[in-house]
Amino acid sequence: MSLNSNLEDVKKRIAQAALRAGRLPEDITLIAVSKTKPVSMISEIYEAGVRDFGENKVQEITAKSPVLPEDIRWHMIGHLQRNKVKQVIDRACLIHSVDSMRLAVQISEEAKKKEITVPVLLEVNIAGEESKYGFTAEETAHFLPDIASLGGITVRGLMTSAPFVDDPEENREYFRRMKQLCVDLKAQNIDNTNMDYLSMGMTNDFEVAVEEGATHVRVGTAIFGEREYNL
Ligand SMILES: *Cc1c(COP(=O)(O)O)cnc(C)c1O
């Protein structure tokens, strides 16, 4: 299959999932996760109309963004080390992976120096997986007002990576909890928060995520093919 037909297939599946849930397909942003993939493949997907790309390493954003069109919106979706914050805050359109108070403080400090406001999502480890970064649901509620009040940051919503499972239905309950958490936090009307973005759903489970309210899905393998990490 060509990248283009992969992309068309993913877009169709997103649209169908949206319609099943009574949602508008255009209300869901597809982020093409291009980590480990070369500029040539990104260009191909760009030519097909995609403008949102996701990377999990600062190095990849700083290497790829200067040689690709300026209207690409780069999403930082991976764990972010505090010493790399400076390099990425004015290159990424959205940082999905704020997973600690210390990281939020660092983003705030660097943003203030640059006199910018950085849109972020709080990462939630909704299944409580040992191996994953992110706040628990309780911590998210606890830290949100503090993070939102730091300055230089606006919290647009929440992000999660659900467990890797054979049957995506197993993740439906987690996606539901994420949506409910987002709704509950939005109802608190905290300054410098919007809580209108819900970033969830990957190759294995994006349709279920869309049915449960995802506004951003992060899809890599289904578009670009399997990743080769030992190159
Ligand atoms: C790699 C990655 C994805 C995409 O995963 P696929 O299964 O290839 O679609 C999404 N989100 C995050 C945070 C990732 O690191």
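The values are calculated or read from the model by the stated rules, or taken from the named source; none is laboratory data. In this text, all values refer to a predicted model and were calculated from it rather than measured experimentally. Backbone-built Cβ (ideal geometry, glycine too); neighbour counts: all protein chains shown.
Odds and ends about this structure:
- Unique residue being buried (at least 17 other Cβ atoms within 10 Å of the Cβ), among the polar types (S, T, N, Q) and within 16 Å of the ligand (Cβ to nearest atom) when the list is Ser108, Ser97: Ser97
Table: residues versus (1) assigned to a loop (DSSP other than H, G, I, E, B); (2) hydrophobic (A, V, I, L, M, F, W, C); (3) more than 14 Å from the ligand (Cβ to nearest atom).
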| site | (1), (2), (3) |
| --- | --- |
| Ser5 | no, no, yes |
| Val10 | no, yes, no |
| Thr36 | yes, no, no |
| Gly49 | yes, no, yes |
| Gln59 | no, no, yes |
| Thr62 | no, no, yes |
| Pro66 | no, no, yes |
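- Only one of the numbered conditions (1) surrounded by 14 or more Cβ atoms within 10 Å (Cβ to Cβ); (2) of a type in the set (Gly, Ala, Ser); (3) out of contact with any helix residue (DSSP H, G or I) (no Cβ under 9 Å at 6 or more places or on another chain); (4) farther than 25 Å from Ala32 by Cα is violated by Ser149, and that is (1).
- A single member of Phe175, Phe206, Phe224 is aromatic (Phe, Trp, Tyr), away from the ligand (no atom under 11 Å from the Cβ) and at pLDDT 95 or above, and it is Phe175.
- Residue that is closer than 30 Å to Met1 by Cβ and either under 17 Å from the mean Cα position of the chain (by Cα) or more than 15 Å from the ligand (Cβ to nearest atom) (or both), where the choices are Thr154, Thr160, Thr193: Thr160
- Every residue from the stretch 95-105 that is touching an Asp or Glu at 6+ places or on another chain (Cβ under 9 Å) and assigned to a helix (DSSP H, G or I): Met101, Ala104
- Entry remark, the stretch 78-94: residues being assigned to a helix (DSSP H, G or I), within 16 Å of the ligand (Cβ to nearest atom) and not β-branched (Val, Ile, Thr) number 1 in total.
- Selection over the stretch 134-178 of residues that are in a helix (DSSP H, G or I) and touching a Pro at 6+ places or on another chain (Cβ under 7 Å) gives a count of 1.
- So Lys179, is it without any contact (Cβ under 8 Å) to a residue 40 or more places away in the chain, closer than 27 Å to Val85 by Cα and not hydroxyl-bearing (Ser, Thr, Tyr): no
- Qualifying positions in the stretch 106-133 - in a helix (DSSP H, G or I) and either touching a strand residue (DSSP E or B) at 6+ places or on another chain (Cβ under 6 Å) or in contact (Cβ under 8 Å) with a residue 40 or more places away in the chain (or both): Ile107, Ser108, Glu109, Glu110, Ala111, Lys112
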